[in-house]
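Scroll down for the structure; my scribbles are underneath it.
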2 protein chains.
Amino acid sequence: MRRLLLSDCKEALKATSAEGNAEMRVHQDYPLNVGASAHSVRQKFITEQKNFYIRNHGSLPTVDVQHYRLTVGGLVQTSLELTLDELRAAFSSVTVTATLQCAGHRRDELAAIRAIPGEVIWSAETAGTATWKGVALRDLLQAAGLKKSARHVAFLGLDEISKDGERFGFGGSIPVEKALSSEVLLAYEMNGEPLAPAHGFPVRVVVPGYIGARSVKWLANITLQEEPSSNYYQARAYKLFPPHIRAETADWQQGQMLGPLPINSVICSLQPGAVCQAGQLAIQGYAIAGEDQRIERVELSLDAGASWLEATLTEQARRWAWSFWEASVQVQPGTYQLMVRAWDTAGHVQPENLESIWNWKGYLNNAWQRVTISIE
Amino acid sequence: MRRLLLSDCKEALKATSAEGNAEMRVHQDYPLNVGASAHSVRQKFITEQKNFYIRNHGSLPTVDVQHYRLTVGGLVQTSLELTLDELRAAFSSVTVTATLQCAGHRRDELAAIRAIPGEVIWSAETAGTATWKGVALRDLLQAAGLKKSARHVAFLGLDEISKDGERFGFGGSIPVEKALSSEVLLAYEMNGEPLAPAHGFPVRVVVPGYIGARSVKWLANITLQEEPSSNYYQARAYKLFPPHIRAETADWQQGQMLGPLPINSVICSLQPGAVCQAGQLAIQGYAIAGEDQRIERVELSLDAGASWLEATLTEQARRWAWSFWEASVQVQPGTYQLMVRAWDTAGHVQPENLESIWNWKGYLNNAWQRVTISIE
């Protein structure tokens with residue numbers, strides 16, 4: 001299969017309609033890393049492709065569908081090789097509305113208390129919700145037939161990454177139990193349209209509830225195996241370390257391979273340092289439940305945590321998708337430290353402080369979010 | 001079916017071997033509520049029946065097996081009625097090592113900051129781990145055949161509770177998705193022995209990862225229904241409210257029905273106020289992951305959170321069972337505020353402070369545990 005590379009990622013930006021979208025911030029041209037502001041992302045429950053964050057580690061392949069083949073191999077009874085048409089014809093289509101969130105979401109707040117060099121300093125922009133259509137991964141796995149020893153499902157994409165003198169595609173894996181859950185898709189549509197090149201055309205994995213990195217784009221190979229993927233982005237990157245570990249003391253064997261995402265909540269309508277008028281103030285944001293749960297409650301404080309009020313969830317919380325919340329409060333002139341925190345249906349809470357969860361790679365920041373604003 | 005009541009619960013204590021066990025603390029004679037100290041519970045990975053906490057709301061039935069029948073009804077294709085022998089013969093036996101934990105675990109710490117009247121003031125004693133043997137609930141449900149509208153599985157026990165002029169059995173429910181998970185059992189054995197009367201003889205539900213109250217004892221009826229159980233202990237008790245709600249302002253329609261348990265960790269080897277010798281100090285405890293996860297890491301602080309060290313997990317963390325942890329530290333004379341906190345494989349953390357999770361019924365306390373000790 002050919003790997004066609006877009007040498008100029010600006011073309012990819014154009015292809016996703018992200019270029020010319022004033023709300024999109026380009027963190028890096030190569031690899032292409034782009035996000036809309038949290039405010040922009042919160043405008044619609046379903047995030048348009050042009051507002052959906054793009055997080056890449058290598059090239060952005062333009063895949064020729066005529067030559068595209070998806071393979072399933074490793075610890076299976078029968079290896080499969082499918083064209084896109086065969087994939088669509090052989091398996092029922094399934095639709096799931098699910099939020100994807102990058103492991104590096106809200107890294108900027110962690111970096112503010114101790115530097116995190118070499119990583120993209122994302123704010124709360126790396127989350128988005130789409131209606132994904134594709135085939136259930138488990139249908140494909142059942143067609144291939146799993147051998148008993150198969151414990152992990154590894155994915156490999158068609159992008160090309162150069163690192164430490166090697167060239168390889170982005171990869172990762174999820175446990176077989178998760179892979180057999182009905183919400184895990186091989187998606188070929190996003191919000192009723194084919195995937196844009198930057199979002200994984202023609203087929204990407206969508207693993208609701210897991211860090212975005214497991215939702216491998218430009219999917220080429222699925223391999224059933226006993227151990228997690230040995231790909232750099234499973235075996236080395238995307239690992240969580242305790243707060244006291246530093247880059248120079250990290251033992252890569254010890255870190256925790258990331259998978260499920262913890263509960264999170266974000267204020268979208270107000271940026272730190274915002275200056276607003278006294279009177280009635282509308283505050284809006286989103287909240288994302290822990291894997292497999294729903295948001296139960298969102299609380300907002302205007303006085304740095306001394307007192308809390310319940311925000312209103314503006315629609316029924318659903319599994320796999322974020323919840324939107326809003327509150328309207330009367331404010332007098334002065335300085336306010338806003339804080340937001342959420343609960344989900346498993347009683348999960350967010351950590352109170354950044355210090356307790358700081359980690360040298362800057363992953364999984366879900367501390368109570370603090371935003372200081374002024375009222376005139 | 002007859003409901004035989006033990007008028008004297010002391011007999012039940014004897015029957016569970018709890019009487020004469022100096023480690024067991026009787027909180028209430030009727031209903032019988034008994035727990036061992038956290039120190040005692042931590043002695044063995046598998047908790048002996050005589051050390052396993054007992055949490056009742058009504059009578060303690062002595063069930064005559066000759067007359068025992070388990071029924072499955074409601075939204076099913078075929079209603080079932082089974083004797084104990086039929087249950088054992090018709091379905092394969094399944095064994096799961098699982099921790100049960102009461103929703104009121106560590107209520108004493110919440111009550112210390114604001115009173116919680118009318119509830120049993122448990123410490124960290126209401127957790128225990130047993131090897132449960134029985135039949136998978138899902139096998140029984142598949143035999144009955146679920147109607148499409150069945151969304152909740154309600155359980156009703158043979159105990160008798162008097163409340164507000166009514167007499168009824170203890171009940172509760174779990175969602176169908178959880179009921180169909182392989183870990184949910186109808187258990188008839190605990191650690192290789194028949195269940196003691198106080199632990200639900202002849203059959204109890206075991207719902208790993210959920211609050212203990214859903215593991216209904218002396219199980220008589222299983223009912224498939226569209227809505228959660230309307231039993232007092234599902235519809236009114238065991239509901240979680242935000243910190244600002246008080247008994248007099250609580251709207252029972254608003255509380256969150258409890259189900260999955262959040263991550264927790266406990267220091268077992270040292271009680272608050274303990275006085276120890278300077279030198280090497282061994283500290284031990286347990287940690288319980290969020291539902292469906294494993295413990296990843298336990299951290300201990302000796303200086304009220306200024307610095308943290310990683311405790312050693314003394315065995316491979318398993319799904320559904322607690323993890324034991326230990327640490328050995330060098331201590332000089334002085335006063336130490338110990339703190340413990342854990343992470344699980346979904347990145348769940350514990351809340352830092354009691355204030356953020358205080359609720360007027362005293363449920364789900366999983367704040368970082370603080371134990372102040374003196375070294376001489």
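The values are calculated or read from the model by the stated rules, or taken from the named source; none is laboratory data. If you're wondering where the values come from, they're calculated on a predicted model, not measured in any experiment. Positions of Cβ are generated from backbone atoms using ideal geometry, with glycine treated the same way; all protein chains shown enter the neighbour counts. Side chains included, ligands, DNA and RNA excluded: accessible areas come from the protein's heavy atoms. Shrake-Rupley method; radii C 1.70, N 1.55, O 1.52, S 1.80 Å.
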### Query
Taking only C-alpha pairs under 8 Å that are 6+ residues apart, what is the relative contact order of region B:199-280 in percent?
25 percent
### Message
Please report the carbon-and-sulfur percent of the accessible area for region A:25-257; probe 1.4 Å, protein heavy atoms only, DNA, RNA and ligands left out.
### Response
47 percent
### Query
From the backbone phi of region A:185-196, what are the Karplus-calculated ³J(HN,Hα) couplings (6.51 cos²θ - 1.76 cosθ + 1.60, θ = phi - 60°) in whole Hz, Gly and Pro given as x?
10, 9, 8, 10, 9, 9, 6, x, 10, x, 4, 5
### Summary
Percent relative contact order for region A:200-348, counting Cα pairs under 8 Å at least six residues apart, stands at 21 percent
### Task
Go ahead and set up a Gaussian network model of chain A, Cα springs under 10 Å, then flag whichever of A:GLY305, A:GLY157, A:GLY279 fluctuates most.
A:GLY279
### Query
Taking a ≥ b ≥ c as the square roots of the eigenvalues of the Cα gyration tensor of the protein assembly as shown, is the shape rounded (a/c under 1.5), prolate (a/b larger than b/c) or oblate?
prolate
### Message
For a Förster distance of 30 Å, can you work out the FRET efficiency between the beta-carbons of B:GLN66 and B:THR95, rounded to the nearest 0.05?
### Response
0.70
### Task
Report the net charge of residues surrounding B:THR83, where surrounding means a beta-carbon distance below 12 angstrom and charges are Lys +1, Arg +1, Asp -1, Glu -1.
-2
### Task
Using amide H atoms built 1.01 Å from N in the peptide plane, name the residues 5+ places from A:ALA346, or on other chains, whose amide H lies under 5 Å from its own.
A:ARG294
### Message
Please check: in the Gaussian network model of chain A (C-alpha springs, under 10 Å), which one of A:THR223, A:THR131, A:THR312 has the largest mean-square fluctuation.
### Response
A:THR312
### Message
List, shortest first and in nm to one decimal, how far the label point of A:ASP64 (7 Å from Cα along Cα→Cβ) is from its counterparts in the other copies.
### Response
8.3
### Message
Please give the Cα centre distance for region B:349-376 versus region B:299-318, rounded to the nearest Å.
### Response
16 Å
### Task
Please work out the FRET efficiency for the pair B:LYS147 and B:GLU227, using the Cβ-Cβ distance as r and a Förster radius of 25 Å; give the result to the nearest 0.05.
0.95
## Note on the structure
Averaged over the residues of A:290-296, the number of partner chain Cβ atoms within 10 Å of each residue's own Cβ comes to 4
### Query
Which distances in nm, rounded to one decimal and ordered from shortest, link the label point of A:LEU180 to the equivalent label points in the other identical copies, with labels set 7 Å from Cα toward Cβ?
1.4
## Note on the structure
Carbon plus sulfur, as percent of the 1.4 Å-probe accessible area of region B:264-375, comes to 45 percent
#### Entry: Summed buried accessible area for B+A [probe radius 1.4 Å, Å², rounded to 100]
2500 Å²
### Message
List, by residue number, every residue in region A:324-372 with a reduction of 20 Å² or greater in accessible area between the chain on its own and the complete protein assembly, 1.4 Å probe.
### Response
A:ARG341, A:TRP343, A:THR345, A:ALA346, A:GLY347, A:HIS348, A:VAL349, A:PRO351, A:GLU352, A:ASN353, A:SER356, A:ILE357
## Note on the structure
One decimal, nm, nearest first: from B:ALA306 to the same residue in each other copy, label points 7 Å out along Cα→Cβ, the values are 2.8
### Task
Quick one: among B:VAL26, B:VAL72, B:VAL135, which has the greatest mean-square fluctuation in a GNM of chain B with alpha-carbon springs under 10 angstrom?
B:VAL26
### Message
Return the chain B residue and its Cβ-to-axis distance, rounded to the nearest Å, for the rotation relating B to A.
### Response
B:GLU352, 2
### Query
Could you state the number of Å between the C-alpha centres of region B:88-129 and region A:31-68?
45 Å
#### Entry: Whole-Å distance, taken between Cα centres, linking region A:220-290 and region B:201-257
33 Å
### Query
Rounded to the nearest whole Å², what accessible area per residue is found for the protein assembly as shown with the 1.4 Å probe?
38 Å²
## Note on the structure
Under the rule rounded for a/c under 1.5, else prolate if a/b exceeds b/c, else oblate, using alpha carbon gyration tensor axes a ≥ b ≥ c, region B:25-257 is classed as oblate
#### Entry: In sequence order, calculated HN-Hα J values of region B:92-102 (Karplus, 6.51, -1.76, 1.60; Hz; x Gly/Pro)
4, 7, 10, 10, 9, 8, 9, 8, 9, 9, 6
